[in-house]
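The numbers here are math on the coordinates, done by the rules we state, and not lab data. Since the model is a prediction, treat every value here as computed from it, not as a measurement. Don't worry about glycine lacking a Cβ; one is built from the backbone with ideal geometry, like all the others, and counts go over all protein chains shown.
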Amino acid sequence: MYGSTLKALLLAASATRALASCAHGTFLQPRAEEGGEVKVGNFGYIGRIGPLNWAALDSANTACATGTRQSPIDMVDGVFEILQGSDVELTVNDMPDGAEFENLGTTVEVVTQGGTLTANGKTFELQQFHFHLPSEHLDNGTSQAMEMHMVFQSAQQEIAVIGVYINIADQAAAAAAKRSRIMGRQDAGASSGAPTTLLETVFSVVDQIATPGTRVKTPPLVMSEVVDILKANAFQIYSGSLTTPPCSEGVNWHVSTARLFVSPQTFTKARDVIGFNSRFPQNTPGQPNILMISALGSAAAAVQAAVNQVA
Ligand SMILES: *[C@@H]1O[C@H](CO)[C@@H](O)[C@H](O)[C@H]1NC(C)=O
Ligand SMILES: [Zn+2]
């Protein structure tokens, strides 16, 4: 009797499993039918539903508190290997009719229309890209303004994510790129430090999905700009996890050494919608989960407090 009740509870828990994470649109969290409602996540980044407590929200999220290869991490020498951009095959289809851009409550996400990543003999299909603010990975100890995650899934249901830091373009570079665009030059934004056209285009409509659960169609998206930038740089690769519940491990991380840029105005516009959605840096891969270390520390402090009270 107790067993079957527990089973029913566990089933109910997994049915309502946290949606809208980094794994949205993959086998872990299949997307609703085209045109269906945008499902909003049941986890968050602040307080009781924040990353310190994700494991308690759902039994499926145990890895968040116990996994020893959790993401994001500080990308310091020794935790990653380098893979040249020229050594991966990366194609992303343009979206000439625009793309669905959704506010999942926990991030804003563009639903892509095809693309593949082939690295180290494995091929993954692009599902979506979304944004974190500030960056989740740290670049040798330093957080960046934002981070884009391009989420891929293989036929064997393995997940690969390309992470790209986004910086705020300086005013001069932003103004020059805007002038170039007005003059009809195609190379606007391609030079280092100028806003990335893809990001400026996507975020041009972010204010229209300020409410979680809403979606909008973006203007046409050209993906070759970002693909070329990624291929011309390198990837810092390591095996980590989803940075959102259920924090599943075995994720093939590819953190680019390239930078994308947004204008200061676009950064503010995106920030006003996204707010804050960055998981805190996790322990070095292979080391105990920082929440386990923290739990031991809390227990020791509680014992000491009790001893002090008796004494
Ligand atoms: C990372 O930062 C440390 C100092 O904090 C520095 O010694 C090291 O050269 C940096 N590594 C890279 C790759 O920039
Ligand atoms: Zn993500």
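List of remarks:
- Close Lys-Lys pairs in the chain, where close means Cα under 18 Å and separation is 8 or more or interchain: 4
- Disulfide-incompatible cysteines by the Cβ rule (no partner under 4.7 Å) in the chain: Cys22
- Ordering Ala302, Trp253, Thr201 by the projection of their Cα atoms onto the charge dipole of the chain, which places +1 on the Cβ of Lys and Arg and -1 on the Cβ of Asp and Glu, puts Ala302 at the extreme positive end.
- Three principal axis lengths of region 2-310 [C-alpha, angstrom, descending]: 77, 42, 40
- Taken about its Cα centre, region 2-310 carries a charge dipole of roughly 580 debye when the Cβ of each Lys and Arg holds +1 and the Cβ of each Asp and Glu holds -1.
- Translational diffusion coefficient (Stokes-Einstein; Kirkwood radius from C-alpha pairs) of region 112-242 at 10 °C, 1.306 mPa s, in µm²/s: 96
- Computed E for Lys178/Ser224 - FRET, C-beta separation, R0 22 angstrom, nearest 0.05: 0.60
- Across region 67-72, coupling constants 3J(HN,Hα) worked out from phi with the 6.51/-1.76/1.60 Karplus curve, θ = phi - 60°, read x, 10, 10, 9, 10, x Hz, and Gly and Pro carry x.
- Placing a label point 7 Å from the Cα of Ser239 along the Cα-to-Cβ line, the residues of region 142-174 whose backbone N sits under 14 Å from it are 158-160.
- Between 0 and 90 degrees, the angle of helix 290-310 with respect to the longest Cα principal axis of the chain falls at about 40 degrees.
- Helix 264-274 axis, angle to the chain major axis (alpha carbon atoms, nearest 10°): 40
- Cα centroid of region 270-311 to Cα centroid of region 102-174, whole Å: 27
- For region 34-117, the list of GluC sites (Glu not before Pro) that fall in a loop by DSSP and count at most 11 other C-beta atoms within 10 angstrom reads Glu34, Glu37.
- The relative contact order of the chain, computed from alpha carbon pairs under 8 Å that lie at least 6 residues apart in sequence, is 25 percent.
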